[in-house]
Amino acid sequence: MDSNKQHKFGWKILVIGFFLNIIETAYFGWNATPQSKAEIVWDYITMFIMGYGIYLVTDAFVRLIRNKE
C-alpha cells in the first residue's frame, strides 16, 4: 500500500476506534473501570482498533522517512 494511502487509512481507523470507544463508554455508563465482562470485551475491541490505526499511521511515517534517505 502506498505510504500516503496507508497514512490516511490509518487515521480513519483510529478515528473510528476513538468514536466507538466514546459510544461504548457512554452506553456502559461512563465508568472509570469496567463493571461487566461485556464492557471489558468492548474496551479491548476498541483498543485493538485504535492500536491498529496507530500502527498504520506510524508504519507509514517510518516508511516515508526511510524512503527519503
Could you sort I65, I23, I13 by their accessible area in this structure, using a 1.4 Å probe and putting the largest first?
I23, I65, I13
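Using helices alone, I'd like the mean residue ellipticity at 222 nm for the chain: each DSSP H run of four-plus residues gives -39500 (n - 2.57), total over residue count, nearest 500. The partial results should precede the final answer.
Details: 2 runs with 57 residues, N = 69.
The helix contribution divided over the chain gives -29500 deg cm²/dmol.
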With the label point 7 Å along the Cα-to-beta-carbon line of F28 and a cut-off under 16 Å to each amide N, the hits in the range 38-57 are 38-51
Please identify every one of the chymotrypsin sites (Phe, Trp or Tyr not before Pro) in the range 1-44 that sits in a loop by DSSP and has no more than 10 other beta carbons within 10 Å of its own beta carbon.
W30
Using a 1.4 Å probe on heavy atoms of the protein chains only, the accessible area for I45 in Å², nearest 10, reads 70
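Mind pulling the per residue volume of the convex hull built on the Cα atoms of the chain? Å³ is fine. Numbers along the way, then the final one.
Numbers: hull volume 5.2 nm³, N = 69.
Taking only Cα atoms, the chain has a hull volume of 75 Å³ per residue.
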The chain, Gaussian network, Cα under 10 Å: of G53, G17, G29, the residue fluctuating most is G29
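The values are calculated or read from the model by the stated rules, or taken from the named source; none is laboratory data. Just so it is clear, the structure is predicted and the values come from calculations on it, not from any experiment. Backbone-built Cβ (ideal geometry, glycine too); neighbour counts: all protein chains shown. These accessible areas exclude ligands, DNA and RNA; they are computed on the full protein's heavy atoms, side chains included. Shrake-Rupley method; radii C 1.70, N 1.55, O 1.52, S 1.80 Å.
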